[in-house]
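The values are calculated or read from the model by the stated rules, or taken from the named source; none is laboratory data. Computed from a predicted model, the values in this text were never measured in an experiment. All Cβ positions, even for glycine, are placed from backbone atoms using ideal geometry, and neighbour counts span all protein chains on display.
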Amino acid sequence: MTDSTYIFLLSMCSAAILLLLVTRLHDCLALARARRQYETDDLSGPGRAPAISVIIPAGGQAEALETNIPAIMTQEYPFFEVIVVDEQTESDTADALKRLTAKFPQLRHTFVPPSVRFIGRQKLAITLGVKAAKHEWVVLTRPDCTPASPRWLMGLSAKMGEDKDIVVGYANYDAYAPTGAVVPRLRRALLAFAAALGGRAVDADACNLALRKSYFLTQGGYASQLSFTCGEDGLLVDRLSTGTNTAVACNPETTVWQSFSSRHESRKARVAHRVAGRHLRMRGKLLRLRWGTASLLTYTYAATWLAAVALRALHFPPIEAYRGQEIASDAWAVILLTYPIAEALALRRSTQAVDERPVSARLFFDDLWQPIATLGVKLNAWFSRNDYKRQ
């Protein structure tokens, strides 16, 4: 092979790989871009703050309710209510709600009828909560979630414009969770925010999601999703989001932290998310495919870089004997060496935007391990797919 042919083929391969990797870097900056956009909004005061109803579907989490409800009830926001919907999976929840109502008279609660069977109880709980809400904007969260700031609702309200129907916020596990559980959820948030900033929201986190009540009800809510019991957040946003009606709220004050219970529960959440992903519209599937392709290209990157290093170790000619192929190989190795550094810097900016723990170096190595680590999740999702369908 001549030098010119070799350099041409290497250039074409490099262009294809770098294009996808640059796209990946753009996604890694999603939270930082959302934070920069957020800082241009007016957070000056309650004069423009719409009334909000916070909806909390509670299923067997009495202790979490008593721990986290006070942080929500004491939000620095002028007009809001909190509605807890008891899914009646444990009697302790009702007892906890009685104690909380005595302490916070403005707390309201309702329940899912015990006769309900074979329907996603969380979807039904959210629907009942939305219908019971007195205000136009509803914010969804969970019993085991704590706002990072007493100005959480104020921060979300900054994005509740007249032309918006959905506001997506950031949520992840708290500081006690292992990094291995935080990184996959951060990866999901990066993709969700990147898609929303591009005007094509395809995912969200039910721990920190705001919806316009009238829009939710007129669009049928979960009516088209009753055949499966997962996807109460991502599938809903994928169906209801348009090119202009979705905003993102990205700021340390608008972050929500979820208590980490166990690796088993974290794995179940990932399985449910993967099962729900099969029902996304085409745009969501294509975006997830693009991210997955970029992750697989990390293997191509690593193999190419290691091959270039091995070539230099085995054959290191004097400078006057350099040929075009050797110069191109060395240049390719140097260029690719900058990618993990650039990715780490981009990810650091995004994690700082939401006050997340530093995991900059972890994502690149997680990409290398990702296909193996998620194999069990994929198999579990495949074999348990019928468990998420209405019988």
Problem set entry | Subset tally (residues that are at pLDDT 90 or above and touching a Ser or Thr at 6+ places or on another chain (Cβ under 9 Å)) for the range 36-56 | 5
Exercise. Which ones in the range 192-225 are surrounded by fewer than 20 Cβ atoms within 10 Å (Cβ to Cβ) and without any contact (Cβ under 8 Å) to a residue 40 or more places away in the chain?
Worked result: Gly198, Thr218, Gln219, Gly220, Ala223, Ser224
For this session: Being of a type in the set (S, T, N, Q) and under 28 Å from Gly243 (Cβ atoms) is the filter; apply it to the range 119-172 and report the residue that is surrounded by the most Cβ atoms within 10 Å (Cβ to Cβ).
Result: Ser157
For this session: Could you please find all residues in the range 150-180 being in a strand (DSSP E or B) and closer than 20 Å to Val82 by Cβ?
Result: Val167, Gly169, Ala171
Exercise. Exactly one of (1) surrounded by 16 or more Cβ atoms within 10 Å (Cβ to Cβ); (2) more than 30 Å from Thr242 (Cα to Cα); (3) among the hydrophobic types (A, V, I, L, M, F, W, C); (4) at pLDDT below 75 is unmet by Phe260. Its number?
Worked result: (4)
For this session: At least 2 residues that are farther than 16 Å from Ala30 by Cβ and not assigned by TED's automatic domain parsing to the domain that holds Val359 in each: list the strands (runs of 3 or more DSSP E) lying fully within the range 181-270 that qualify.
Result: 209-212, 256-258
For this session: Kindly indicate whether Ala223 is at pLDDT 90 or above, out of contact with any strand residue (DSSP E or B) (no Cβ under 6 Å at 6 or more places or on another chain) and of a type in the set (A, V, I, L, M, F, W, C).
Result: no
Exercise. Can you find a residue in the range 90-104 that is of a type in the set (Phe, Trp, Tyr) and under 28 Å from the mean Cα position of the chain (by Cα)?
Worked result: no
Exercise. So which residues in the range 70-106 are out of contact with any strand residue (DSSP E or B) (no Cβ under 7 Å at 6 or more places or on another chain), in a helix (DSSP H, G or I) and closer than 24 Å to Leu124 by Cβ, if there are any at all?
Worked result: Ser91, Asp92, Asp95, Ala96, Lys98
Exercise. Residue check: is His109 more than 22 Å from the chain's Cα centre (by Cα), closer than 25 Å to Phe80 by Cβ and either in the same structural domain as Glu356 (by TED's automatic domain parsing) or part of a strand (DSSP E or B) (or both)?
Worked result: yes
For this session: Provide a single number: the residues in the range 274-292 that are closer than 12 Å to Val202 by Cα and in a helix (DSSP H, G or I).
Result: 9
Seminar exercise, completed: Residue set Ala132, Ala210, Ala177, Ala194; condition within 28 Å of Ser266 (Cα to Cα) and in contact with a strand residue (DSSP E or B) (Cβ under 8 Å, 6 or more places away or on another chain); output residue Ala210
